[in-house]
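A short write-up of the structure that comes next.
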Amino acid sequence: MKMSRIAAAGTVAASAVLVLSAPAFAHVSVSPEGQAAKGGYATVNFKVPNEQDDASTNKVEVSFPSEHPLASVMTTPVPGWTVKVTKAKLDKPLEIHGEKIDEAVSKVTWTADGKGIQPGTFQKFPVSMGQLPEDADELVFKAVQTYDNKDVVRWIEPQQKGQEEPEHPAPALALTAASDEHGAPADTAKADDKGGKSENASSDSSDSSDTTARVLGIVGIVIGVAGVAFGVLAGRRRATS
């Protein structure tokens, strides 16, 4: 009887943990394909899961950060969805590659043509964007998810440092260190440089070992020939005597 109560309590506790942790695995998120380096360009995926059991997601709106406007935003066709890109005038024009930009993308909206994101599934929406800011560690977007039963979920709450994750966190894209002129991260370039020096040193050491081996081989041959000659001369001396 006691064991049954313990088992039942354990089951309830486990269920509670699952219920409490479920939202952390089901929110709208954004992640780069590779890296999203400061000052560069990146392709990212907005991942939208369906949280409802009896409704499908038929519309997704992603608002872009106005404090870090992105002049270049391009989408790719997603089967079953129609995309609309909205731009807005900038209070302060941007200068990119010597050209002044007075507007930037403010929102991208995907609308389902068919069944949308059905229960138990998710959908990725790829976007190419840049030039990424050099003075920020992350970009925070705001997403609005609409279901075909008219329910609307707003993923717009920023994550506060040192605090628990909010109920509806806004998608945040972490930015990595700026790349060098060749496109490789500065730290990686330094590591490659050190690796190259190490490889050269190893190569020099190998060449030196090969040279030593050759010299020793030649010396061995000379000694061998000398030994044979000595043996022949000694034989002739015995024959003569």
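Length gained on full extension, Asp54 to Lys38, computed as 0.36 nm times the residue gap minus the Cα-Cα distance: 1.6 nm. Here the gap between Asn45 and Lys161, fully extended at 0.36 nm per residue and compared with their Cα-Cα distance, gives a gain of 39.4 nm. Given a 1.4 angstrom probe, I'd like the percentage of the accessible area of segment 25-174 that is carbon and sulfur, rounded to a whole number. Answer for segment 25-174: carbon and sulfur cover 46 percent of the accessible area.
Net charge near Thr57, counting Lys/Arg +1 and Asp/Glu -1 over other residues with Cβ under 14 Å of its Cβ? Write out the running numbers ahead of the final one.
Numbers: positive: Lys47, Lys59, Lys115, Lys124, Lys150, Arg154; negative: Glu51, Asp53, Asp54, Glu61, Asp113, Asp148, Asp151.
Within the 14 Å Cβ shell, the charges total -1.
Neighbours of Ala42 by Cβ distance under 13 Å: Lys/Arg scored +1, Asp/Glu scored -1, total -1.
Computed from backbone phi, the HN-Hα couplings of segment 141-155 come to 9, 10, 10, 10, 10, 10, 9, 6, 9, 6, 5, 10, 10, 9, 8 Hz, rounded to whole numbers (Karplus: 6.51 cos²θ - 1.76 cosθ + 1.60, θ = phi - 60°; Gly and Pro given as x).
Using r as the Cβ-Cβ distance of Ala136 and His168, and R0 as 25 Å, what FRET efficiency do you calculate, to the nearest 0.05? Walk me through the numbers before you get to the answer.
Values: r = 22 Å, r/R0 = 0.89.
So, using R0 = 25 Å, E works out to roughly 0.65.
A simple spin-label model places the labels of Thr121 and His68 3.3 nm from each other, with each point 7 Å out along Cα-to-Cβ. If a paramagnetic tag sat 7 Å from the Cα of Val78 along the Cα-Cβ line, which residues of segment 28-43 would have the backbone N under 13 Å from that point? It comes to 28-31, nothing else.
The values are calculated or read from the model by the stated rules, or taken from the named source; none is laboratory data. It should be emphasised that the depicted structure is a prediction, and the values quoted were computed from it without experimental measurement. Neighbour counts are summed over all protein chains in view; Cβ atoms, including those assigned to glycine, are modelled from backbone coordinates with ideal geometry. Remember, those area values only see protein heavy atoms, side chains included, never the ligands or the DNA or RNA. Shrake-Rupley method; radii C 1.70, N 1.55, O 1.52, S 1.80 Å.
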